[in-house]
Amino acid sequence: MILRTLAHATIFAALSCCAAAQLGCKTESEPSSLTSAYTFSRDFDGERRVLRFEPSIEQPAECMRSPLPVGDDAPWKEAQLSPQFHRSLIELLFDEDRVSSYKADTAASSSTELLVCHESPEAPEFCFIPQVVVTGRGSPWRFGLHPDVALSRQSMELIDAFLLAHDACWGEGTPTDGGD
């Protein structure tokens, strides 16, 4: 009986400490979900990368890369994605054979015991959750970048394709006000 009471008290104390640690950190608001655009955002290693593109190839893509926390003056660039990049991203987003993997990985990544807020060395009061968020198809897909999260091959291919497109946009893009 004493051991059971002690175990319950220990669990309650651990949960309280976790909650208090989360309350002490200010997290960045997640990227906005534009209704007509597809958005990819990755928070990892103290950096945010964002790529937004429209369904039409004629519209340029916008990309941002900034240390976390992201300030109002974060640099944005604009570039025309190659038709191959654009088509590949659209196909990956709308491939119904992949959607179940994206949803399953989102559910696994949303597990509360894996949501660990990492403090930023540059801003100790700020923390972030290492993850990728993809919006534009209803509810956002969230892919945790935590060592204990084993993402499916389909989700990893989606993330890799978006990172390649982001790198192309960032490397070839021209500075813009972006983010509006």
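Among the candidates 82, 16, single out the residue that is modelled with pLDDT under 90 and more than 21 Å from the chain's Cα centre (by Cα).
16
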Residues 100, 111, 155, 120: which one is of a type outside the set (Asp, Glu), over 15 Å from residue 40 (Cβ atoms) and modelled with pLDDT of 95 or more?
100
Given the criteria over 22 Å from residue 165 (Cβ atoms) and at pLDDT 50 or above, does residue 75 qualify?
no
In region 146-160, the residues that are over 14 Å from the mean Cα position of the chain (by Cα) and over 15 Å from residue 106 (Cβ atoms)
147, 148, 153, 157
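The values are calculated or read from the model by the stated rules, or taken from the named source; none is laboratory data. A quick note: this is a predicted structure, and the numbers were derived from the prediction, not measured. Reconstructed Cβ throughout: ideal geometry from the backbone, glycine too, with neighbour counts over all protein chains shown.
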